[in-house]
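The values are calculated or read from the model by the stated rules, or taken from the named source; none is laboratory data. Quick caveat: nothing in here was measured; it's all calculated off a predicted structure. We place every Cβ from the backbone using ideal geometry, glycine too, and count neighbours over all the protein chains shown.
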Amino acid sequence: MRHFLTLKDYTKEEILEILELGVEIKKEVKAKNFVPRLANQTLAMIFEKSSTRTRVSFEVGMYQLGGHALFLSNRDIHLGRGEPVKDTARVISSMCDMVMIRTYEQSKLEEFSRYSKVPVINGLSDSYHPVQLLADYMTMMECGKDKNPIVAYVGDGNNMTHSWLMLASKLGFELRVATPKGYECDPAIIADAMEFAKQSGAKISISNDPKEAVKGATVVTTDTWISMGQEEEKAQRLRAFEGYIVDEALMALAEKGAIFLHCLPAYRGVEVSESVLEGEQSLIFEEAENRLHAQKGLMVWLDKHR
């Protein structure tokens, strides 16, 4: 049985297999052909952090696959709040076929998975957001930007950046990360990515220069500078990230025809300009829809590998 807690645990072949399955399922859905690959199965969705895209994509995805999704907020269950995580894991996994958790600590996901009888999916943690990267790369595949890509990530060294590091180091493409001083990625995660890159041939660079990162890039991506739980740091972060907004001037440094990605929610005029977000290079809504299809591919793949 496999869990999906971080891309670190997956090979290039496995990641591409999941994505190809997602592409196949997407084509079926667009043709109104809904194949009940997970008929009568139940997905428990545990949310300690709220989300628009994560809830809708997993719930709709499970329904389209012939199963049922059960929404559980931190007000509905006792996960780590009066009841040990390992007890909650054993109870829920005895009643459901799969579990998706959106939480804060990666360690909580890891503990839950150790005691779970069914596959556990990371819907987001403070360390990683692997399901988003499946959608991002599927979007790149659909527009041909998966062919020798040069990806520039500009912004906070957060869970999205960590996940880009894992994806690039596993698939073997070039990734340039630019973060402000004091907001760099976790050194341990960078070290892991560099080790994987030796095997895959990935070219990874880390700097504090957004212009250098974006120059000649085929994909430009960013994320919010103020994530959930960081609201008190807003003023400090806005000062620190000055010059990191992805606007028309920064996008002009990228390769002609480069695309822009953002996991959303996006704060217009902060980490990205309105003109870039709504411009022809932006594929953010195609990317958002692909959360649905990529995650269906993931759930079907995990079901096959029990």
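For first residues located in the stretch 257-272 and without any contact (Cβ under 8 Å) to a residue 12 or more places away in the chain, partners that are surrounded by 13 or more Cβ atoms within 10 Å (Cβ to Cβ) and lie 6+ apart or on another chain with Cβ distances below 7 Å form the pairs 268/277.
Condition (residue is closer than 24 Å to residue 266 by Cα and touching a Pro at 6+ places or on another chain (Cβ under 6 Å)) applied to the stretch 160-172: is it met by at least one residue? Yes. Cβ-Cβ contacts under 8 Å between residues 6 or more apart (or on different chains), taken from a first residue in the stretch 290-301 that is under 13 Å from residue 132 (Cα atoms) and in contact (Cβ under 8 Å) with a residue 12 or more places away in the chain to a second residue that is crowded, with 24+ Cβ neighbours inside 10 Å and of a type in the set (Asp, Glu), are listed as 290/136. Residues considered: 57, 94, 127. Of these, the only one that is surrounded by fewer than 15 Cβ atoms within 10 Å (Cβ to Cβ) and of a type in the set (S, T, N, Q) is 94.
Here residue 47 passes the criteria (1) over 19 Å from residue 95 (Cα atoms); (2) touching a Leu at 6+ places or on another chain (Cβ under 8 Å) except the one numbered (1). Hey, any hits in the stretch 47-64 for a residue that's touching an Asp or Glu at 6+ places or on another chain (Cβ under 8 Å) and either assigned by TED's automatic domain parsing to the domain that holds residue 106 or of a type in the set (Val, Ile, Thr) (or both)? No, because not a single residue in the stretch 47-64 is touching an Asp or Glu at 6+ places or on another chain (Cβ under 8 Å) and either assigned by TED's automatic domain parsing to the domain that holds residue 106 or of a type in the set (Val, Ile, Thr) (or both). Is it true that residue 110 is out of contact with any helix residue (DSSP H, G or I) (no Cβ under 9 Å at 6 or more places or on another chain) and surrounded by 18 or more Cβ atoms within 10 Å (Cβ to Cβ)? Answer is no for this residue. Taking every residue in the stretch 212-228 that is among the small types (Gly, Ala, Ser) and pairing it with any residue that is surrounded by fewer than 19 Cβ atoms within 10 Å (Cβ to Cβ) and part of a strand (DSSP E or B), at least 6 positions away or on another chain, the pairs with Cβ-Cβ distances below 8 Å are 213/205; 213/207.
Residue check: residue 264 meets all listed conditions (1) at pLDDT 95 or above; (2) on the phi < 0 side of the Ramachandran plot but one, namely (2). For residue 209, the test of being among the acidic types (Asp, Glu) and in contact with a helix residue (DSSP H, G or I) (Cβ under 9 Å, 6 or more places away or on another chain) is failed.
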